[in-house]
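The values are calculated or read from the model by the stated rules, or taken from the named source; none is laboratory data. The structure presented is a predicted model; accordingly, all values stated were derived computationally and were not measured. We place every Cβ from the backbone using ideal geometry, glycine too, and count neighbours over all the protein chains shown. Accessible surface areas use protein heavy atoms only, side chains included; no ligands, DNA or RNA. Shrake-Rupley method; radii C 1.70, N 1.55, O 1.52, S 1.80 Å.
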Amino acid sequence: MTNRKLKSQSQGDGAEDPDGGWGWVLVVALFVSTSLVFGLMRSLGIFFVEFVQYFEESAQAISWISSIGLAAQQFFSPLGAALCNAYNTRLVVMTGGFLSGLGLILASQATSLVHLYLTMGLISGLGWGLVFSPMVATVMANFTRRRALAVGLGFSSIGLSSFAFNPLFQLLVEKYAWRGALLILGGLSLNIMACGALIRPECRSKASTKADPQSRLSRPDLLQRVSSYLEVSLLCERPYLTYTLGVTLFNFGYFVPYFHLVAHSRQVGFSEYRAAFIMSAAGITDIFGRIASGWFSDLGRFRVVHLLTFWTALAAVFIMLLPVSSLTGSYTAMIVMSLLYGFCSGALTSMVFAVVPMIMGVERMMGGLGLLQLIESCAGLLGIPLSGWLRDMTGNYTASFVVAGSFVLLGSLTMTTLPHYFSCTEPPPPQRPVLVDNGDTLNLEQKDSCSSKFNYQTVEQTQR
């Protein structure tokens, strides 16, 4: 009787079966928004050379622009997750789209590197942080059986935009200079607001409507609420800490080729457009890597964490081989190595997010993703400047790519220390206890639309 009542309430709240319906519209929204976040971020290497020449600064100083943007995106992800849990996911994502475009528009008027640090780095990075985790969590909440494929399709835009943006940005820089190009990119980034508008408004939990809006929270209650929004309890769980350490090590080296491969190609003697096409070639296979790994993962023949380790180890090897392939001066060798690296880097990205629900459980996914991004932001902040510093010290990018690949390989080895890693079957995902109103204190419930869908799914499983 109770189960029937819960089921009718879930259906009354508008819950839908996962793996279809509006979820595919959200996949399209993720496709567009990620292309304007990471696709754009991975193509900023075109501006790297222009900034070095215009501001007459070292490679390390210029690297801080992209590094601050990447670190800000990850550092502010918990803020985006907390705001989504507390208020409105649609509004948060649309605000992030506005800030990402505003930062690039303001950067087009920069007169010093500090201006670029604050605008292109901090403001745009804040916008990206408010967009990425909420969009990913919203899509994953609408899928169960096809989750890896849905995420892979959404992320495939990163490879597609990397292929298209590199020559496009080079053309814009030549035609309008770097200031005009950044102004155009700022206008493009404002389209993220339309993606956020496709997110359906959340269904507020009935428990939350009983709370007195005029009541003042005590300090312990306030800390409990903030802790619940950010899912701080995950920091006490070994699987989450191990996984976070592995992803952080990935982050030290994963983005280095996207920011320095074009500069390396130009340094070894290739023209601007040929150097840009090397990065575009990686973007082509990146698309297929994301979709193929997601499709293969959903077949269920291998555990997702095993596939993640496999693709990460291959990506690490190819990162280290990128400068080796250019020693002979062969453009074909550079293209082939870039194609292989692009496929593996795309494949591992889909797996990174497909593993998340198995590590922390579905209900804690929004806050857990934000917390993960916050912790790995230190790697995003330091990895690219470290690569630039190694280039300044050695005069070339060989050491930069070797060290970057070593960090990624170390992260892959860290994943093997996860509990039950060597088991052939997936362990049951952790479940957060259901919190109820005890009459004195209103325990918190997540108000994101994701939660209502998974509560509905849990009820269905209970009936069976």
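Can you tell me how much longer the chain between residue 53 and residue 91 gets when fully stretched, taken as 0.36 nm per residue apart minus their C-alpha distance, in nm with one decimal?
Taking residue 53 through residue 91 to full extension adds about 9.7 nm, to one decimal.
Do you know the relative contact order of the stretch 18-201, to the nearest whole percent, from alpha carbon pairs under 8 angstrom that are 6+ apart?
So the answer I get is 41 percent.
Give the relative contact order (percent, whole number) for the stretch 234-424; include only Cα pairs under 8 Å separated by 6+ residues.
So the answer I get is 42 percent.
Hey, what's the stretch 234-424 come to in accessible area per residue, 1.4 Å probe, Å²?
Here the per-residue accessible area is 35 Å².
In debye, nearest 20: dipole of the stretch 234-424 around its Cα centre with unit charges on the Cβ of K, R (+) and D, E (-)?
180
State the extension gain, in nm to one decimal, for the chain segment bounded by residue 194 and residue 328, taking 0.36 nm per residue of separation less the distance between their alpha-carbons.
Length difference between fully extended and current span is 43.5 nm.
Label residue 114 and residue 236 with points 7 Å out from Cα along Cα→Cβ: what is the distance between them in nm?
Roughly 4.4 nm, to one decimal.
Arrange the peptides 285-294, 266-275 so that the one whose residues have, on average, the most other Cβ atoms within 10 Å appears first.
285-294, 266-275
Dipole magnitude of the stretch 18-201 about its Cα centre, charges +1 at Lys/Arg Cβ and -1 at Asp/Glu Cβ only, in debye to the nearest 20?
The dipole of the stretch 18-201 has a size of about 620 debye.
How much length is gained if the chain between residue 272 and residue 222 is pulled fully straight, taking 0.36 nm per residue apart and subtracting their Cα-Cα distance, in nm to one decimal?
12.6 nm
So, with a 1.4 angstrom probe, what is the percent of accessible area on the stretch 234-424 that is carbon and sulfur?
C and S atoms contribute 74 percent here.
Residue farthest toward the positive end of the dipole of the stretch 18-201, with Cβ of Lys/Arg at +1 and Asp/Glu at -1: which of 74, 144, 195?
144
Between residue 399 and residue 171, with labels modelled 7 Å along Cα→Cβ, what's the label distance in nm to one decimal, could you check?
Between residue 399 and residue 171, the label points sit 3.9 nm apart.
Assuming R0 = 56 Å, can you tell me the calculated FRET efficiency for the pair residue 423 and residue 179, based on Cβ-Cβ distance, to the nearest 0.05?
After rounding, the FRET efficiency stands at 0.50.
Determine the per residue accessible area of the stretch 18-201 with all protein chains present and a 1.4 angstrom probe, expressed in square angstrom.
Normalised by residue count, the accessible surface of the stretch 18-201 is 32 Å².
Could you give the distance between the Cα centres of the stretch 145-163 and the stretch 380-413, to the whole Å?
27
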